[in-house]
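Single-structure report; data block below.
Every number in this text was worked out from the coordinates using simple rules, so none of it is lab data. Small disclaimer: the values here were computed from a predicted structure and weren't measured. Here the Cβ positions follow ideal geometry from the backbone for every residue, glycine too, while neighbour counts run over all protein chains shown.
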Amino acid sequence: MTEEQAAAGTPEEVAAGPAGEQPSRPTVPEAVRAAAAVLESRLAERPVVALVLGSGLGGLADEVEDATRIPAAELPGMPVPRVPGHSGAVVAGRLAGVPVLVLAGRVHTYEGYSAAEVAFATRVAAEVGCRALLATNAAGGLNLDYDPADLMVLTDHINFLFDNPLRGGPAFVDLAGAYDPGLRAAAVAAGEAAGMPVRQGVYLAAAGPSYETPAEIAMFRAWGADAVGMSTVPEVIAARAHGLRVAAISAITNVHRPGGTPTSHAEVLEVAALVRPRFRELVLAMLPVAAEA
Ligand code: HPA
């Protein structure tokens, strides 16, 4: 333990908050357990893999077999998307033969939620027994070798959200090797087998909701980031705190080139739709590997 950690207290003391403080509402673990109890009572089978679907991939939730769909509003404490037209739900059932819990309608910190709220559903998934998290997102390419419609498996991340889902505990979770090497290798192999090369790179989560300035792009690139998005990192950190194996894939919807074209949400959605079939194929190929062990 470093001196700094010793001064801060044990992880349990840090999680408990300032001495003498009486919580007026349930602690995060209590709230997670309460939502998990409601969810569990509705599940026919224990899910093994939690799937977080990003922009353009939501359709996979409709492919779940023997699906039980539970609106987020029926799970106490579960945040609901503030984007019009997205109700938010968890869908339990089977995909590629694997018992899954699809967290459809993820929320983002740019909607005004804290990283802890964003990660709430992931913690509930862990509580009901999921052992792996597979997250997807749309991202802008920073690596100049990338092209729009590329797929990228995350090797690591940079948290530039100015928030962390573990504020309030548990503290000091190790994030080296957060992105499971076995799952990454499976993604690359599945991509090769299907004739769709998969990039491997570092994802930077920016707070948004505005897109990045040219100066930010230059800085993020200098920091070693290959892609920039506005999601995924809260879910990944929470999943690691709960010991889940993690894999994440980005659909590169646009590439930030010096002197290039402006970024637009319409372009992001358009390219995400183009990538969807390959993205879907990759996720389905990874699910059985994620379900192992
Ligand atoms: N920046 C941030 N988020 C994104 C981008 C981007 O360029 N493209 C898709 N999501």
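For the chain, the Cβ-based charge dipole about the Cα centre amounts to some 400 debye (Lys, Arg positive; Asp, Glu negative; other atoms uncharged). Ordering E127, E65 from the fewest to the most neighbouring beta carbons within 10 Å gives E65, E127.
What is the log10 of I(q)/I(0) for region 121-165, computed with the Debye formula using one identical point scatterer on each Cα and no solvent, at q = 0.31 Å⁻¹? Listed by q, the Debye log ratios stand at -1.21.
Once you compute Rg and the Kirkwood Rh from C-alpha atoms, what is the Rg to Rh ratio for region 181-229?
With Rh from the inverse mean 1/r over Cα pairs, Rg/Rh is 1.13.
Using C-alpha pairs below 8 Å separated by at least 6 residues, the relative contact order for region 57-107 is 38 percent. The simple Förster model, with R0 at 51 Å and r as the Cβ-Cβ distance, assigns L144 and R25 a FRET efficiency of 0.60.
Let me make sure I get this right: for region 149-202, a, b and c are the square roots of the gyration tensor eigenvalues over alpha carbons, sorted descending. Under 1.5 in a/c it's rounded, otherwise prolate if a/b > b/c, else oblate. Which is it? Prolate is the answer for region 149-202, as a/c is 1.5 or above and a/b outweighs b/c.
For region 127-143, putting each phi into the Karplus relation 6.51 cos²θ - 1.76 cosθ + 1.60 with θ = phi - 60° gives couplings of 5, 8, x, 4, 10, 9, 10, 10, 10, 10, 7, 9, 8, x, x, 10, 5 Hz, in residue order, rounded to whole numbers and with x for Gly and Pro. Note on the chain: with a GNM built from Cα contacts shorter than 10 Å, the maximum mean-square fluctuation among R25, R42, R276 falls on R25.
Its residues counted as N, region 38-81 yields a C-alpha radius of gyration over 2.2 N^0.38 Å of 1.24. Within the listed set L43, L101, L57, the Gaussian network model of the chain (springs between alpha-carbon atoms below 10 Å) gives the highest mean-square fluctuation for L43. Report the far tail of the P(r) of region 101-144, meaning the percent of Cα-Cα pairs longer than 11 Å. It works out to 72 percent of all Cα pairs.
For region 66-167, divide the Cα radius of gyration by the Kirkwood radius and give the resulting Rg/Rh value with two decimals. Could you put the intermediate results ahead of the total?
On the way: Rg = 15.3 Å, Rh = 15.5 Å.
Looking at region 66-167, the ratio lands at 0.98.
Based solely on its DSSP helices, what 222 nm [θ] is calculated for the chain when runs of n ≥ 4 H residues each add -39,500 (n - 2.57) and the sum is averaged over all residues, nearest 500 deg cm²/dmol?
Per the formula, -10000 deg cm²/dmol.
Orientation-averaged projection of the chain equals 15.8 nm² [convex hull of Cα atoms, one quarter of hull surface area]. Of D145, D180, D226, the residue with the greatest mean-square motion in the GNM of the chain, using alpha carbon springs below 10 Å, is D145. The H on the amide N of R199, modeled in the peptide plane, is under 5 Å from the matching H of L151, M152, V153, each at least 5 residues off or on a different chain. Applied to region 165-170, the Karplus parametrisation 6.51 cos²θ - 1.76 cosθ + 1.60 on θ = phi - 60° returns per-residue 3J(HN,Hα) values of x, 8, 4, x, x, x Hz, with x for Gly and Pro.
When N counts the residues of region 159-293, how does its alpha-carbon radius of gyration compare numerically with 2.2 N^0.38 Å, as a ratio?
Compared with the compact-globule rule of thumb, region 159-293 sits at 1.13.
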